[in-house]
Each structure stands twice: as structure tokens, then as C-alpha cells.
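Reading through the C-alpha cells given below for one structure.
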Amino acid sequence: MRLVSYLVDGEPRYGAAVEGGVIDLSRRIGRDFSDLRALIAANALTDAQEAAAGAKPDYALDNLVLLPPVLAPEKLWCIGVNYAERNAEYKDNSDLPKYPSLFVRSMSSMTGSGQPLEKPKVSDQLDYEGELVIVIGQGGRHIPREQAWSHIFGMTLCNEGTIRDWLRHGKFNVTQGKNFDRSGSIGPWIVTSDELDPRGPHDIVTRVNGEVRQQDTTERLMFPFDFLISYLSTFATLKPGDMIVTGTPTGAGARFDPPRWLKVGDVVEVESSRIGVLRNTVAAES
């Protein structure tokens, strides 16, 4: 299934994206699931499938304001330097990393597909980072790597938008530059693991105004999805609906000479052939 969250008259709802539109599951499923996180936590994918079976779309997709599929995950993990050649982009002569680089983002820094990406007033260095996202279904702690695949509910996409000149304001952290309001996006939907095998391989492409800037495949990940789940669960309990943004390929705007920062009006698309397209236009902070 392709599960999507959206607004109707200002009210968050969720449904199944199908040919011809969206089936509103939030009004069809018998049990009370307030959002997709609750549905995931209840292991209720079968309920969603039964509710959607034979139903006609309630809304045209283009008429909806899309939200990030999981509105309030307990944790939104982000992995850095995870594709081949990414370490070399830093030009610091360092060895390949033994463990993943890791930081967290708040959901206030994310918006949905089709919604504006916000270029902040205080910086001209808004950058894109196209990434694949795994959504946790079954939670757990100390998850063995060989069991990790069964903990994935599905996959979605992320533009992990970054304010580059705010990454080094502190001595040890990148948190500021990664958490500007509405600087990134997630969506357009979750493709569930019964339809999309997380083992892949999965392609990832980022375009700015139609120009390909990033392109790679999960076959070249230094830390694959199963490793990330096992590693993260070593120190933190993974919960249903948690999302892991798994790293960006080479080719972000900061790596060009001169850098190619996003400007107001630019259209950024992140695509994976088995998931879809996450598309956003850059707007100025009001």
C-alpha cells in the first residue's frame, strides 16, 4: 500500500494513495486509529488493506495538502556520510568511518510533498540532500542484524534540507543547521514492505529545476539498512513510526565550486523508482 497523510478542512487525516486519488482510511477503519503512527503501532496494515479493498477514491491527490506520512514519530534519526565517495567529499584525508555519523531532527523542520521549503532570513545557504527513509514497524531494543528486515514497516523519501553556514555554530554539533523550520520535507507517502522489499536495491535521484544533482543506489551504502537498525537499537529502543533517514549521495550543492545554493522558486525533486517523487518549491521565510 501507499499510505499518505493530508489535511481536509484543516484536519489531519490519512489514507491510501491509489490510481485516481486517495481513499480516506481514517473514516473507514473500524478501530480508532488517530493517525498512521497509531495504525503502525497496532500492526493494523491488514485493517487498512481490507478498508481500501474495492473502495473508490474520496479525493483527488492533487487537491490535498500533503503532510509527512508519520506526523509525530518519537524519533527521526538522520545518518550522515553513508554512500561511497561521500567521505572523500570532506577532503580531510580521513579513513572511512567505522560507525555511522548520526544526528536527530525535529518534525517542525519537515514539511510534506508539494509544500514550500523555507529559505530562512538569516542565511543564503539552503542546500538539498535527497535520501531514502525507512519507517519502523515493529519496535525493539538490541535487534539482531539478521532480524532487522522484519522491523521495517515501509519506506518513504526525504529532502534533508540543510542550512550549511549554521552547521558549525557549536563546537561539536550540527543540530542548528539541520533543524530550521520547514527546511526539509518527507513524503509523499509510505510504501509498505509487502509491496516494496526494503532489501532493494533502491535507486535515489535528486533534481533541481530538472537537472540531476545526485544519483546513486543502496548497493553502495557503507552502512546498509539492517546494520543501521541493529546499531541504533543497541543504545535506543526503536518505536513504531520512528523514521531513519539513511544518508545522501554525493552531489549536494555545497560540494560544487562555487557552491550552488537553493534559491526562491527552485523546484527540488527526490525520486526513487519504486517509491515515487517528493517535490517541493523553495519559498522565502515570511
Where a ≥ b ≥ c are root eigenvalues of the Cα gyration tensor, a/c under 1.5 meaning rounded, otherwise prolate if a/b exceeds b/c and oblate otherwise, the range 116-258 counts as prolate
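Sorted by mean Cβ packing within 10 Å, highest first, what order do the peptides 71-78, 252-259 take?
On the way: 71-78: 19.2, 252-259: 14.0.
Ranked from most to least packed, the peptides come out as 71-78, 252-259.
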Counting only pairs 8 or more places apart or on different chains, how many lysine pairs in the chain have C-alpha atoms closer than 27 Å? 19
Rounded to the nearest angstrom and ordered from largest down, what semi-axes does the equivalent ellipsoid of the range 205-286 get from its C-alpha gyration tensor (root of 5λ)? 28, 16, 14
Length added when fully stretched, residue 7-residue 75, from 0.36 nm per residue minus Cα-Cα: 22.2 nm
With runs of 4+ DSSP H residues as the only contributors, calculate the mean residue ellipticity of the chain at 222 nm using -39,500 (n - 2.57) per run, divided by the residue total and rounded to the nearest 500. -2500 deg cm²/dmol
Could you give the nm distance between label points at residue 197 and residue 250, where each point is 7 Å from its Cα heading toward the beta carbon? 2.9
In whole Å, how far is the Cα centre of the range 6-59 from that of the range 129-189? 24
Taking N as the number of residues in the range 99-157, what is its alpha-carbon radius of gyration divided by 2.2 N^0.38 Å? 1.52
Any idea what the relative contact order of the chain is, in percent, if you count C-alpha pairs under 8 Å spaced at least 6 apart? 25
Taking a ≥ b ≥ c as the square roots of the eigenvalues of the Cα gyration tensor of the range 66-193, is the shape rounded (a/c under 1.5), prolate (a/b larger than b/c) or oblate? oblate
Name the shape class, rounded, prolate or oblate, that the alpha-carbon gyration tensor gives for the range 1-117, where a ≥ b ≥ c are the square roots of its eigenvalues, rounded holds for a/c under 1.5, and otherwise prolate holds if a/b is larger than b/c and oblate otherwise. prolate
Relative contact order (%) - criterion: Cα under 8 Å, at least six apart; region: the range 1-75: 40
Roughly what angle does helix 225-235 make with the longest principal axis of the chain, taking Cα atoms, 0 to 90 degrees, to the nearest 10? 90
Mean-square fluctuation maximum in Gaussian network of the chain, Cα pairs under 10 Å, restricted to 241, 15, 210, hits 210
So, with points 7 Å from each Cα along the Cβ direction, the residue 18-residue 284 label distance in nm works out to 4.4
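No lab work stands behind these numbers, since they all come straight from the coordinates. These numbers come from a predicted model, not from an experiment. A quick note on method: Cβ atoms are made from the backbone with ideal geometry, for glycine too, and the neighbour counts reach across all protein chains shown.
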